[in-house]
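See structure below.
The values are calculated or read from the model by the stated rules, or taken from the named source; none is laboratory data. No experiment lies behind these values; they were computed from the predicted model shown. We place every Cβ from the backbone using ideal geometry, glycine too, and count neighbours over all the protein chains shown. Side chains included, ligands, DNA and RNA excluded: accessible areas come from the protein's heavy atoms. Shrake-Rupley method; radii C 1.70, N 1.55, O 1.52, S 1.80 Å.
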Amino acid sequence: MKFTLSWLKDHLKTDMHVDDIVEALTDLGLEVESVSDPTKELNHFTVGEIVQAEQHPNADRLKVCKVATGDGCRQIICGAPNARKGIKVVVAHPGDYIPGLDTVIKVGNIRGVESYGMMCSERELMLSDEHDGIIELDSKALVGTKYVDQCNELDIVFDIAITPNRPDALGVRGVARDLAAKGVGELKLREIPRVKGSFNSPISIHLSKDVLNEDCPLFAGRYIKGVTNMESPKWLQERLVAIGLRPISALVDITNFVTFDSARPLHVFDASKLSGELTVRKARKGETIVALDGSEYTLSSEDTVISSGNVVESIAGIIGGMNSGCGGDTKDIFLESAYFNPISTARTGRRLRINSDARYRFERGVDPLFVEKGIDFATQLIIDICGGEVSKTLLEGETPYTDKEVILRPNRVDSLVGMRIPKVEQERILIALGFNVSHKDNLLCVKVPSWRPDVYGEADLIEEIVRVTSLSKLKGIPLQKSNLGVMKPVLTPLQNRVSRTRREIVALGMNECISYSFIDEKSATLFSGAIQTVALLNPISSEMTHMRPSLLPGLLQAARRNQARSLNDLKLFELGEVFFGRKPGEQAIHAGGIFVGNYLPKNAFGNQREVDVFDAKKVVESTLNDMGVSVENLSILRDGVPAYFHPKRAGKVSLGPKNALASFGELHPKIVKAYDLKGPVMAFEIFIERVPFSKNRKLIRPPIKVSELQPVERDFSFVVQTRCEVDLIKKAILNGEKGVINEARVFDIFEGKEAEQQLGKNKKSVAFMVRLQPLKTTFTDAELEAISKKIISRVEKMTGAKLRS
């Protein structure tokens, strides 16, 4: 946001030095990015007078001039058509830097004649684009004096950074209001009188139903006939040039001026090119418009446009069309002032990639109560500069504004930010910023002005008070010490669990990733299953259109990027939220991970092996055990495993028949192919919030019992059906004699054709080592025999197995 010092002083009565204004702006949160003072760059240019001008002997378009300067008479070659005897000019001497040319003047020889300097045009001094002739100064200017002392129109230019929540500061009036509240000066009163029309507008306006309530709730217009679209007056041109805008014509320049002066974008149509009615509606898919920037844009049904007949004349809130643009022959105009929805304006502008001053303001939120005042303000400027006769104002729709009142507790400022600001000063600041303040008991009832859409609650008011008082004086202060001893824990059990889970998985040798919560539509479809995908209304890119239903897509994309750089062996995990609906609360915290390639890198102590399902299972069991879940109580089921896992090589870890705590296994080959990964990929997902919490706030684990009695190990070999899962046999053994059996471990599996030849068709043998721990006395042979029979009986009952002879 750029503005000049004189422009600021149109709204602010102040004698403050520029440095003080810069410091105040930054302290207000309006960070000053640069201050351009032309007088510093032009300080070395002086006033000269041409005392003789003769034709160059060797060039038709050049003149040899004798110029009186403070250092005597200099010979300067000049090609300007207005170079003549008797005029006062701006002189640059050898060694002077010319900003418009980005060069340093030297003594030159032009067509055989030496030149000792230069007489400058406005473009060479970067005052404007004018370069048809050299600058002619007032005849009263003294030869040898500095040019900047003779030039009153040189102005200091400020460039400030505006945060997205401050649309009011996108106008010079809003910046002046902040500075006045800061104490830099006094805000000048501004009354914008109503301009009464003398006839009814021949052009009507209409808001279609599809835009009336949201995209364009209010539209105002006025017909002005008999205007003269001349060149803008010098003061207006100078202000626009100073902030980097090119003057075009009086009508266009006036709308640009109001945009930067009052943060009120406007548009002016050449009325002779309209068909009689302006309609604000949704575009028809495939409609096109040639905009004022000369580009043709193809519109979609989501774009809001202003049309005349079947012709699109403007993309609402963004840019006008070439068809109805104003030119030098324009006599009758239609002036438009409207309120366009910030979200729809931003969406259209982003899709079409159009950046305009109007879009920049509308997408942040303009003052809805300034729609009518803005059209009166611009109308008066048009009458004063271009003349003409005005119609009555047309108004369609309703003002999209309702009063907001916020209750402020004055003592809350101190408790929230640690600054003690008197109640009287708080009230003064708010009133100076345009808020309406009344009292109720010890509270302040604050009505929010229409130009501050960013203020919603008490904290916003406190922010306003603090930034006006001084952001630079904010200091960190320690929290008050409690006299109650040890402070209560501030982390919730879930937050503690997430932190412990992260440490546990890292301790198992995995690397943590942090990916976006947004993924592309294809990935969302692959991993959503029966859940409806959650699409974003306003995505930031085509690769981030949906909320993730799983953590695995982000990890797989990370794996693909790593494999593209020859990093093929990966152990990656992520902790974060997944989304299964649009409503608040339709999300959950998961832990997800993938194993790709070899489990360990090449080494001298063992052979490499590819990752397998049991690597993922180990992480799941270890993590659930760390959460306090007894692994012996878990069931591993095949049913209900997500479709993105391999149908035969995956399982679901469940606590009971319905409470699934995790899934693990090999990913489906089509998923691996979709992400262009090498080799099989093992994965797991842990549903952290489904794991029951311990009744105690802290997880208290039972102490490890170490017996002085020697344990006994017995081996059992069972013949079972080929489809029988080893885990089922293990659970049967562990339930055979609780308290005594403390471990059951597989040490041999005999299966295949040879096994079927010896054991029978569809049979296999599974051998377990069972560790038995005596509790009080050493086992007798009879006790060992009884325990063994219980184990065998339990396994036979649960699995149909037979003890192998």
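Is it true that some residue in region 48-68 is in contact with a helix residue (DSSP H, G or I) (Cβ under 9 Å, 6 or more places away or on another chain) and not charged (D, E, K, R)? Break it down into steps so the answer makes sense when it comes.
Initial filter on region 48-68 (in contact with a helix residue (DSSP H, G or I) (Cβ under 9 Å, 6 or more places away or on another chain)): none.
Taking every residue of region 48-68 in turn, none turns out to be in contact with a helix residue (DSSP H, G or I) (Cβ under 9 Å, 6 or more places away or on another chain) and not charged (D, E, K, R).
What do you reckon, is PHE377 touching a helix residue (DSSP H, G or I) at 6+ places or on another chain (Cβ under 7 Å) and open to solvent by 30 Å² or more (accessible area, probe 1.4 Å)?
yes
So that you can scan it fast, the table gives a plain yes or no per residue for (1) in a helix (DSSP H, G or I); (2) open to solvent by 70 Å² or more (accessible area, probe 1.4 Å); (3) assigned by TED's automatic domain parsing to the domain that holds ARG497; (4) out of contact with any Gly (no Cβ under 7 Å at 6 or more places or on another chain):
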{"residue": "ALA744", "(1), (2), (3), (4)": "no, no, no, yes"}
{"residue": "ILE749", "(1), (2), (3), (4)": "no, yes, no, yes"}
{"residue": "VAL766", "(1), (2), (3), (4)": "no, no, no, yes"}
{"residue": "GLU785", "(1), (2), (3), (4)": "yes, yes, no, yes"}
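Looking only at region 635-653, count every residue that is in contact with a Pro (Cβ under 9 Å, 6 or more places away or on another chain), open to solvent by less than 40 Å² (accessible area, probe 1.4 Å) and either among the hydrophobic types (A, V, I, L, M, F, W, C) or not in a strand (DSSP E or B) (or both) and tell me the total.
The total comes to 2.
Within region 228-243, can one find any residue that is touching a helix residue (DSSP H, G or I) at 6+ places or on another chain (Cβ under 6 Å), aliphatic (A, V, I, L, M) and open to solvent by 20 Å² or more (accessible area, probe 1.4 Å)?
Yes, region 228-243 has at least one match.
Output the residues belonging to region 507-535 that are free of Cβ contacts under 8 Å to residues at least 60 places away in the same chain and farther than 17 Å from GLY554 by Cα.
Matches in region 507-535: ALA507, ALA530, ILE531, GLN532.
If a residue has to be more than 31 Å from the chain's Cα centre (by Cα) and part of a helix (DSSP H, G or I) to count, how many in region 420-431 make the cut?
7
Any idea which of VAL446, VAL466, VAL486 is on the phi < 0 side of the Ramachandran plot, at pLDDT below 95, β-branched (Val, Ile, Thr) and not in a helix (DSSP H, G or I)?
VAL486
Under 6 Å between Cβ atoms, which residue pairs at least 6 apart in sequence (or on different chains) link something in region 63-74 that is without any contact (Cβ under 8 Å) to a residue 12 or more places away in the chain with a partner that is part of a strand (DSSP E or B) and open to solvent by less than 30 Å² (accessible area, probe 1.4 Å)?
Between residues of region 63-74 that are without any contact (Cβ under 8 Å) to a residue 12 or more places away in the chain and residues that are part of a strand (DSSP E or B) and open to solvent by less than 30 Å² (accessible area, probe 1.4 Å), there is no close pair.
If you take just the strands (runs of 3 or more DSSP E) that sit entirely in region 50-143, which of them hold at least 2 residues that are farther than 30 Å from ILE248 by Cα?
Numbers: elements: 63-69, 72-78, 88-92, 108-110, 113-115.
Strands (runs of 3 or more DSSP E) meeting the threshold: 63-69, 72-78, 108-110, 113-115.
Strands (runs of 3 or more DSSP E) wholly in region 330-415 with at least 3 residues that are more than 17 Å from VAL280 (Cα to Cα) and in contact with a strand residue (DSSP E or B) (Cβ under 8 Å, 6 or more places away or on another chain) - which ones?
Output list reads 404-408.
State which residue is farthest from ALA524 (Cα to Cα) when the search covers only region 546-579 and only residues that are among the acidic types (Asp, Glu) and buried (at least 18 other Cβ atoms within 10 Å of the Cβ).
Residue satisfying both the conditions and the ranking: ASP569.
Taking the condition closer than 21 Å to TRP235 by Cβ and open to solvent by 80 Å² or more (accessible area, probe 1.4 Å), does ASP159 pass? Break it down stepwise before answering.
Details: closer than 21 Å to TRP235 by Cβ: yes; open to solvent by 80 Å² or more (accessible area, probe 1.4 Å): no.
Spelling it out, it is not the case that ASP159 is closer than 21 Å to TRP235 by Cβ and open to solvent by 80 Å² or more (accessible area, probe 1.4 Å).
Checking ASN538 against (1) part of a loop (DSSP other than H, G, I, E, B); (2) under 29 Å from SER499 (Cα atoms); (3) under 22 Å from the mean Cα position of the chain (by Cα), which test does it fail?
(2)
Could you pull out the residue among LEU567, LEU572, LEU536, LEU556 that is assigned by TED's automatic domain parsing to the domain that holds LEU667 and farther than 21 Å from VAL681 by Cα?
Going through LEU567, LEU572, LEU536, LEU556 in turn, the sole match is LEU536.
State all residues of region 607-634 that are charged (D, E, K, R), assigned to a helix (DSSP H, G or I) and open to solvent by less than 60 Å² (accessible area, probe 1.4 Å); if no residue qualifies, say none.
Residues satisfying the conditions are ASP615, LYS617, GLU621, ASP626.
Looking at region 378-388, is at least one residue free of Cβ contacts under 8 Å to residues at least 60 places away in the same chain and either under 28 Å from HIS11 (Cα atoms) or touching a Cys at 6+ places or on another chain (Cβ under 9 Å) (or both)?
So the first thing to find is which residues in region 378-388 are free of Cβ contacts under 8 Å to residues at least 60 places away in the same chain, and the list is 384.
Checking which are either under 28 Å from HIS11 (Cα atoms) or touching a Cys at 6+ places or on another chain (Cβ under 9 Å) (or both) leaves us with 384.
For region 378-388, residues free of Cβ contacts under 8 Å to residues at least 60 places away in the same chain and either under 28 Å from HIS11 (Cα atoms) or touching a Cys at 6+ places or on another chain (Cβ under 9 Å) (or both): present.
Taking interchain pairs and intrachain pairs at least six residues apart, which have beta carbon atoms under 9 angstrom, with the first residue in region 100-115 and basic (Lys, Arg) and the second modelled with pLDDT of 90 or more?
LYS106/PRO94; LYS106/GLY95; ARG111/HIS56; ARG111/PRO57; ARG111/ASN58; ARG111/ALA59; ARG111/LEU62; ARG111/ILE77
For region 266-294, how many residues meet the condition of being within 12 Å of LEU352 (Cα to Cα) and either out of contact with any strand residue (DSSP E or B) (no Cβ under 9 Å at 6 or more places or on another chain) or open to solvent by less than 30 Å² (accessible area, probe 1.4 Å) (or both)?
2
Taking region 199-227 as the search range and keeping residues that are surrounded by 18 or more Cβ atoms within 10 Å (Cβ to Cβ) and among the aromatic types (Phe, Trp, Tyr), which one is nearest to ILE254 (Cα to Cα)?
My answer is TYR223.
Which of the numbered conditions does TYR147 fail, given that it passes all the others? Conditions: (1) closer than 30 Å to THR26 by Cα; (2) open to solvent by less than 10 Å² (accessible area, probe 1.4 Å); (3) of a type in the set (Phe, Trp, Tyr).
Only one criterion is unmet by TYR147, namely (1).
For residues that are surrounded by 12 or more Cβ atoms within 10 Å (Cβ to Cβ) and either basic (Lys, Arg) or in contact with an Asp or Glu (Cβ under 8 Å, 6 or more places away or on another chain) (or both), scanning just region 768-783, find the one that is farthest from VAL712 (Cα to Cα).
So the residue we want is PHE768.
Might you check whether a residue that is touching a residue at least 40 places away in the same chain (Cβ under 8 Å), in contact with a Ser or Thr (Cβ under 7 Å, 6 or more places away or on another chain) and not in a strand (DSSP E or B) occurs anywhere in region 681-704?
yes
State whether one or more residues within region 165-174 are open to solvent by 80 Å² or more (accessible area, probe 1.4 Å) and outside any strand (DSSP E or B).
Narrowing region 165-174 to residues open to solvent by 80 Å² or more (accessible area, probe 1.4 Å): none.
Within region 165-174 (the criterion being open to solvent by 80 Å² or more (accessible area, probe 1.4 Å) and outside any strand (DSSP E or B)), the answer is no, since none of the residues qualifies.
Mind listing whichever residues of region 313-323 are more than 16 Å from PRO265 (Cα to Cα) and buried (at least 24 other Cβ atoms within 10 Å of the Cβ)?
Across region 313-323, the qualifying residue is only GLU313.
Restricting region 28-62 to residues that are open to solvent by 70 Å² or more (accessible area, probe 1.4 Å) and touching a residue at least 60 places away in the same chain (Cβ under 8 Å), which is nearest to the chain's Cα centre (by Cα)?
Per the stated criteria, the residue is GLU31.
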